[in-house]
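Below: one structure, written as structure tokens.
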Amino acid sequence: MNTSRNIANRRGVEQRDRLLPALVDGYFNVDEMSFEDLLSASVEFAAQIKYIGPNLNASGDWRSFLAANEIAIMAIIINKDTRQLHFQAERAKNEGLAAQVELVRQLIQEWNNWLTDLKRSSSTPARDLSAHLENIVRSTLRYEVLKIQQLITSDPDEQGALAQIDTKLLADVWNESVAVSAQSSGQGLRNAAEISPVQVLHRATFEFITAIEHLKRLCRDLLPLSMKTQSHDPAVSLFITFLKLYRYAQDNLNSFTSRHLDYYYNDILKARFRKKSQESVVVNFGVAEGGKGLEIEKGRQFSCAKDERLRDVVFEATESLRVTDTRVSALHTLRFERELMITPECDMNFITRIHRQDIPLDRTETSNGQARSWPLFGDGMSRGGD
């Protein structure tokens, strides 16, 4: 059985539907780095700059200068690419145990660095974020680290690779968590030694990535609150202010799309803006039943709206008209035909046939609920005469 559906495709009907995506502001940005991107990149760059002490000897780098502020830590967490981490986890799983161990070690070390840096800040957002990191360690990550520790002690063949992960060099919360877990985990964690090291490390990587995704959402909420506090180091505050001011230059640079359109329309096409035109409205007049007609002279003013300041908006009649009780009782469309083969009508350009179409005054709909359309110039269904 053949069926047909009446699908109305109205794409391109409205002006906004005809705008190409490439012409929308922001489609192409020369500088796409956000505030979080800039601050995170600054911390990475500071780690490459050596700190020269008063004795002119190098002692560390400048990373700790920025990382001591919770805003920098939040920016780093927000800027973490979890999709890339998932890709690295799958690649490490295929490459072998050594690649997995290195990835897990990096995640543990990075998490520990966040904890250590946040402890140096005394602001409320920093304490809240530090408490969340420690709670995640105690509730989830401690079990994964404990499983890895059990693999080190239970599998002599893998001790060389797994020995790179040593929680004794981390913050106290890691060792405290492992000690508590060892007493309360029971048989479930002891059976972890029976699982292959590849599966244990892959699950640990997945748990760390899931925890980072949770932190990203949390930091997006805490970052605006931290920006409003007045407990930041003055030097770091000046640097953050610089990044905020850089946004103005960035916005100007990223106006490439709009400036390209201005050049095309103004300089190439020589397009010019039209002058302002007065707003127009349609006013429907009527007279009372049995009343006399009313003359509306040209220039008559009417007030039928108010502006944003609640002032009357005055409209003026553009032509004179007479208002009566006349009503439209019937509506038709006509189409005239001239037969070229009939003489003498064709020689005299006479009308030889009239087609009439009656159009109802009320709204009519088809069986599928759409508004019925009517021909503008009649059709051949009704003939008024020959």
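The values are calculated or read from the model by the stated rules, or taken from the named source; none is laboratory data. Remember, predicted model here, so these are calculated numbers, not experimental data. Please note: Cβ atoms are built from the backbone with ideal geometry, for glycine as well, and neighbour counts cover all protein chains shown. What goes into the accessible areas is simple: the full protein's heavy atoms, side chains included, and nothing from ligands, DNA or RNA. Shrake-Rupley method; radii C 1.70, N 1.55, O 1.52, S 1.80 Å.
Here are the numbers for this structure:
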{"item": "Full-stretch length increase - ILE268, ARG338 - with 0.36 nm per residue and alpha-carbon distance subtracted", "result": "20.2 nm"}
{"item": "Per-residue SASA entry for TYR265, accessible area with 1.4 Å probe, Å² rounded to 10", "result": "110"}
{"item": "Sequence of THR229, THR326 from largest to smallest accessible area, 1.4 Å probe", "result": "THR326, THR229"}
{"item": "Whole-Hz couplings from phi, Karplus 6.51/-1.76/1.60, listed for segment 53-67; x for Gly and Pro", "result": "x, x, 8, 6, 10, 6, 9, x, 9, 8, 5, 4, 5, 7, 5"}
{"item": "Heavy atoms of ARG322: accessible area, 1.4 Å probe, square angstrom to 10", "result": "140"}
{"item": "Gained length - HIS86 relative to ALA41, 0.36 nm times residue gap less alpha-carbon distance", "result": "14.1 nm"}
{"item": "Extension gain from ASN349 to ARG127, taking 0.36 nm per residue of separation minus the Cα-Cα distance", "result": "70.4 nm"}
{"item": "Exposure rank, largest accessible area first [SER130, SER280; 1.4 Å]", "result": "SER280, SER130"}
{"item": "Global geometry of segment 222-366, whether rounded, prolate or oblate, following the gyration tensor of its Cα atoms and the 1.5 cut on a/c", "result": "prolate"}
{"item": "Across LYS50/LYS168; LYS216/LYS244; LYS168/LYS216; LYS80/LYS228, pairs whose alpha-carbon gap is larger than 25 Å", "result": "LYS50/LYS168; LYS168/LYS216"}
{"item": "5 angstrom amide H check on TYR51, placed H, neighbours 5+ away", "result": "SER59, GLY60, ASP61, TRP62"}
{"item": "Loop trypsin sites (Lys or Arg not before Pro), segment 192-275 (other Cβ atoms within 10 Å of the site Cβ: 15 or fewer; DSSP)", "result": "LYS270, ARG272, ARG274, LYS275"}
{"item": "Centroid-to-centroid separation of segment 193-226 and segment 249-306 [C-alpha atoms, Å]", "result": "56"}
{"item": "GluC sites (Glu not before Pro) within segment 269-344: DSSP coil, no more than 14 neighbouring Cβ in 10 Å", "result": "GLU279, GLU289, GLU297, GLU308, GLU319, GLU339"}
{"item": "Loop-located trypsin sites (Lys or Arg not before Pro) in segment 278-309, at most 10 other Cβ atoms within 10 Å (DSSP)", "result": "LYS292, LYS298, ARG309"}
{"item": "Heavy-atom accessible area ranking, 1.4 Å probe, most first, across TRP111, TRP62", "result": "TRP62, TRP111"}
{"item": "Cross-link reach list, aspartates and glutamates versus LYS270, counting only Cα pairs under 19 Å and skipping chain neighbours closer than eight places", "result": "ASP262"}
